[in-house]
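The structure under discussion appears below in the form of structure tokens.
The values are calculated or read from the model by the stated rules, or taken from the named source; none is laboratory data. No experiment lies behind these values; they were computed from the predicted model shown. All Cβ positions, glycine included, derive from the backbone under ideal geometry; neighbour counts span all protein chains shown.
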Amino acid sequence: MSLVVWLWCSLPPAQADLGATNMQLTATLVSNSCSVSVASQEQTVNMGTLATKAFSAGKAGAPPVRFAINLENCGSAVSSVSATFSGAADANDATLLALNADSIATHVAIAILDKDRNRIPLGNASEQYPLTAGVSDAQLVFYGQYVATQDSVTAGSANGDATFTLNYQ
């Protein structure tokens, strides 16, 4: 018994006086996201077959091609969502998605556009897409568009890979 008392008394003051602090932590947990539909998780957007003569530096040489990200089971606490697309940036224009290394075409990159066909710079969030209260599904509409980054676009495969991240509010 005396050994225990002696050890307690020999502790430095900062450790001997632990004190008591009452803290209460509270939270409300809500479903604050959506599930991405299976069809939207690994989709391929067919951009078509295009003539190289339609391109000139800095200009779109192709019409935009629509694609959508479908959301399901959206929580009631979420009011809007935006998407940020990431991937390898084009060396001539960092706002554009570069073609994959195995692509043969040159001097062309891919622009991501929002539902109003405004360019979304790579790595930047899109505008907020409103989610309707009481509706658990939503569709986010985007477009892909080839843009010449230099004159003399050359023919060949022109594929790019992008990843999207959803940002909820």
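The table below lists the values:
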{"item": "Candidate set: region 78-91, residues that are crowded, with 16+ Cβ neighbours inside 10 Å and without any contact (Cβ under 8 Å) to a residue 60 or more places away in the chain; chosen: the one farthest from THR163 (Cα to Cα)", "result": "ASP90"}
{"item": "Unmet criterion (only one of (1) out of contact with any Leu (no Cβ under 7 Å at 6 or more places or on another chain); (2) under 16 Å from VAL45 (Cβ atoms)) for LEU96", "result": "(1)"}
{"item": "Region 53-71, residues that are surrounded by fewer than 16 Cβ atoms within 10 Å (Cβ to Cβ), outside any loop (DSSP other than H, G, I, E, B) and modelled with pLDDT under 95", "result": "LYS53, ALA54"}
{"item": "Only listed residue being at pLDDT 95 or above and not basic (Lys, Arg), chosen from ALA77, ALA89, ALA148, ALA133", "result": "ALA89"}
{"item": "Residue satisfying condition, being closer than 20 Å to ASN159 by Cβ and either among the small types (Gly, Ala, Ser) or under 17 Å from the mean Cα position of the chain (by Cα) (or both), within set THR95, THR106, THR84", "result": "THR95"}
{"item": "Some residue of region 152-163 being touching a Phe, Trp or Tyr at 6+ places or on another chain (Cβ under 8 Å), surrounded by fewer than 16 Cβ atoms within 10 Å (Cβ to Cβ) and more than 20 Å from THR44 (Cα to Cα)", "result": "no"}
{"item": "Number of positions in region 100-158 that are of a type in the set (A, V, I, L, M, F, W, C), farther than 28 Å from GLY75 by Cα and part of a loop (DSSP other than H, G, I, E, B)", "result": "6"}
